[in-house]
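Bear in mind that the values in this text are calculations on the coordinates, not laboratory data. In this text the structure is predicted, and so the values were computed from the model without any measurement. Heads up, the Cβs are rebuilt from the backbone with ideal geometry, glycines too, and the neighbour counts pull from every protein chain shown.
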Amino acid sequence: MVSGSCHCGAVRFECDGEPSEGYECNCSHCSRKGLLLWFLPRDAMRITAGADGLNTYTFNRHVIQHQFCPTCGCQPFGLGKKPDGSEMAAINLRCLEEFDLAGVKRVPVDGKAY
Ligand SMILES: [Zn+2]
């Protein structure tokens, strides 16, 4: 299990398992935020604090609810649905605590092309 938070700590979450790779997308949104994403089923991730205080940003096809803390501005995760309708979470690996990003394989995604 891994856990993480936004910068000010108002939002906290935990996830089952450990990420081995992170998706680095070059789209206008991900590149600006510097997101390094780990996708997992929604029920493998729990928001343990601050769920009520989260703000949501959507763009393009509005399929992903980008969740950010209104106090510190960090985006710890996004929530959405896979094409088959199942709920998923996209965790920002940069918001994990006590986790070494050096061991994570970076997978480039050409989101700009979509
Ligand atoms: Zn915060």
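Just a few scattered comments:
- Selected from 90, 49, 102 as most flexible by GNM, with the chain as the system and alpha-carbon contacts under 10 Å: 102
- A cysteine counts as unpartnered when no other cysteine's C-beta lies under 4.7 Å of its own; in the chain this applies to 15, 27, 95.
- The three principal axes of the C-alpha atoms in the stretch 52-114 carry coordinate ranges of 32, 31, 23 Å, sorted with the longest axis first.
- With the gyration tensor restricted to C-alpha atoms of the stretch 3-43, the semi-axes of the equivalent ellipsoid amount to 20, 16, 8 Å, longest first.
- Rounded to the nearest 20 debye, the dipole size of the chain about its Cα centre is 480 debye, using +1 on the Cβ of Lys and Arg and -1 on the Cβ of Asp and Glu.
- DSSP loop GluC sites (Glu not before Pro) with at most 16 other Cβ within 10 Å excluded, longest remaining stretch of the chain: 1-96
- Proximal charge balance of residue 4 [Cβ under 10 Å; K/R count +1, D/E count -1]: -1
- Projected onto their three principal axes, the Cα atoms of the chain cover extents of 35, 31, 28 Å, largest first.
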